[in-house]
1. Assign one of three labels to the stretch 66-190, namely rounded, prolate or oblate, based on the Cα gyration tensor with a ≥ b ≥ c the square roots of its eigenvalues; rounded applies when a/c is under 1.5, prolate when it is not and a/b is larger than b/c, and oblate otherwise.
2. Lysines within cross-link reach of LYS352: Cα-Cα under 23 Å, excluding same-chain residues under 8 positions apart?
3. Take peptides 148-161, 77-90, 282-295 and line them up by average Cβ neighbours within 10 Å, highest first, as a rough protection proxy.
4. Past the 27 Å Cα-Cα mark, which pairs from LYS49/LYS116; LYS22/LYS49; LYS35/LYS163; LYS35/LYS147?
5. For the stretch 186-308, what is the convex hull volume of its Cα atoms per residue in Å³?
6. Against the empirical 2.2 N^0.38 Å scaling, what ratio does the C-alpha Rg of the stretch 120-252 come to?
7. Classify the stretch 13-70 as rounded, prolate or oblate, taking a ≥ b ≥ c as the square roots of the eigenvalues of its Cα gyration tensor: rounded when a/c is under 1.5, otherwise prolate if a/b is larger than b/c and oblate if not.
8. Grab the DSSP H runs of the chain that are 4 residues or longer, score each as -39,500 (n - 2.57), total them, divide by all residues and round the 222 nm result to the nearest 500 deg cm²/dmol.
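The values are calculated or read from the model by the stated rules, or taken from the named source; none is laboratory data. Please read all numbers here as calculations on a predicted model, not as lab measurements. Virtual Cβ from ideal backbone geometry, glycine too; neighbours counted across all protein chains shown. Protein only, heavy atoms only, side chains kept; ligands, DNA and RNA dropped before computing areas. Shrake-Rupley method; radii C 1.70, N 1.55, O 1.52, S 1.80 Å.
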Amino acid sequence: MPHKEYGRLQAVRRFLELEISKEKELQDIVELAAKICGTPTALLTLIDKDTQFIKFKHAFAFDTTPRGDAFCNHVIEQSEVMTVPDALLDHRFLNNPLVLGNPNIRFYAGAPLTTKDGYNLGSLCVIDQQPGTLTEMQELMLQALSKQAIQLMELDNSMQLLKQQYQEAKRTEIELRSFFESSIDCHLLLGREFEILAFNKAWESYTQAAYGLPLERGKSMSGFLHPDNLVTFYQDYSKALKGTAVFVQRRVKNGNDYDWRIAKFEPAFDAEGVIIGVTVNSTDITKKIEHEETVLAQNESLKQIAFIQSHELRRPVASIMGLMNILKIDGHTESIEELQLMQEAVAELDEKIRLVVNYTNVQ
């Protein structure tokens with residue numbers, strides 16, 4: 001299939017599925033064409049792969065015909081009005097079932113329905129059961145009416161496309177907003193002048209709790225930051241506005257208290273890649289830091305225990321072991337069973353102390 005015909009068929013199917021809102025106007029055009037041209041019948045058709053679809057008609061019995069029988073199938077191959085004064089004298093149509101039987105076409109004239117991108121989708125045509133012709137003015141009027149008809153159809157198509165795009169954009173916006181608002185992290189979008197463009201509920205709640213101020217779009221962010229935080233926040237914002245992302249972990253003033261937060265400042269781009277502002281994502285890690293500090297304190301306690309064990313406990317144990325070695329040299333431990341048991345107990349105690357010291361050192 002030629003590429004142009006494939007594109008034309010795609011356009012035809014689009015218009016066949018179109019919910020037409022200008023039905024009255026298009027029907028009026030068909031009836032006006034019949035009146036201007038002095039014929040009993042007029043049609044507005046679309047030519048699909050195998051079928052002629054008759055979308056609007058005046059005094060015609062069929063809603064479809066085979067494409068091979070359609071006079072309009074020849075119209076879409078040209079840009080001007082096609083006239084057939086007498087179908088019985090035209091070799092293309094003399095054996096056509098639409099000529100030999102109902103509706104017994106003898107005279108036909110059709111102007112192509114040409115889209116703005118150059119596809120001939122069908123035609124606006126007039127029909128008579130008697131041979132005939134059109135004046136030059138009638139041909140011009142038929143062509144003008146065909147242009148008006150396709151403009152109305154394309155307007156409907158554009159409106160439907162815009163409606164679909166709007167619905168899709170609305171759906172996407174709802175999904176993004178749901179994701180944006182469901183996050184426990186604080187999200188903020190600032191403009192190039194440090195003004196607030198958008199924020200989620202988490203950031204709004206944080207600001208309300210810390211400063212008793214409701215965030216407002218269009219306001220400067222400087223009015224919603226503690227003075228102790230403003231300088232560093234603006235410096236990070238400025239770096240991101242120049243194209244450099246900033247990732248920081250910082251202790252910040254929160255009303256009368258302090259929080260630990262991880263913040264990420266990133267440049268925000270428009271569709272053309274131009275920086276339009278800065279996105280700020282902030283996560284409260286106060287509990288994490290407090291937990292880490294608790295673990296560090298516990299480790300420090302373990303180290304102190306290890307120090308006590310290694311110096312305070314092992315010193316007397318070492319003294320006892322020294323005495324036991326002297327008694328061993330003198331041969332007393334071999335003759336006295338209790339001393340042998342004491343020697344074994346001290347050795348076991350020394351080994352246990354070593355294990356504890358090694359464990360705490362690893363921790």
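1. On the way: a/c = 5.23, a/b = 3.33, b/c = 1.57.
It comes out prolate by the Cα gyration axes.
2. Result set, ordered by chain and number: LYS303, LYS328.
3. Working: 148-161: 17.1, 77-90: 15.4, 282-295: 13.4.
By packing density, highest mean first, the sequence is 148-161, 77-90, 282-295.
4. Numbers: LYS49/LYS116 21 Å; LYS22/LYS49 25 Å; LYS35/LYS163 36 Å; LYS35/LYS147 17 Å.
From the list (LYS49/LYS116; LYS22/LYS49; LYS35/LYS163; LYS35/LYS147), the Cα-Cα distance tops 27 Å for LYS35/LYS163.
5. On the way: hull volume 15.4 nm³, N = 123.
Convex hull of Cα atoms, per residue: 125 Å³.
6. Values: Rg = 29.7 Å, N = 133, 2.2 N^0.38 = 14.1 Å.
Relative to the 2.2 N^0.38 Å estimate, the stretch 120-252 comes out at 2.10.
7. Values: a/c = 2.63, a/b = 1.25, b/c = 2.11.
Taking the square roots of the gyration eigenvalues as a ≥ b ≥ c, the stretch 13-70 is oblate.
8. Working: 11 runs with 180 residues, N = 363.
That calculation yields -16500 deg cm²/dmol at 222 nm.
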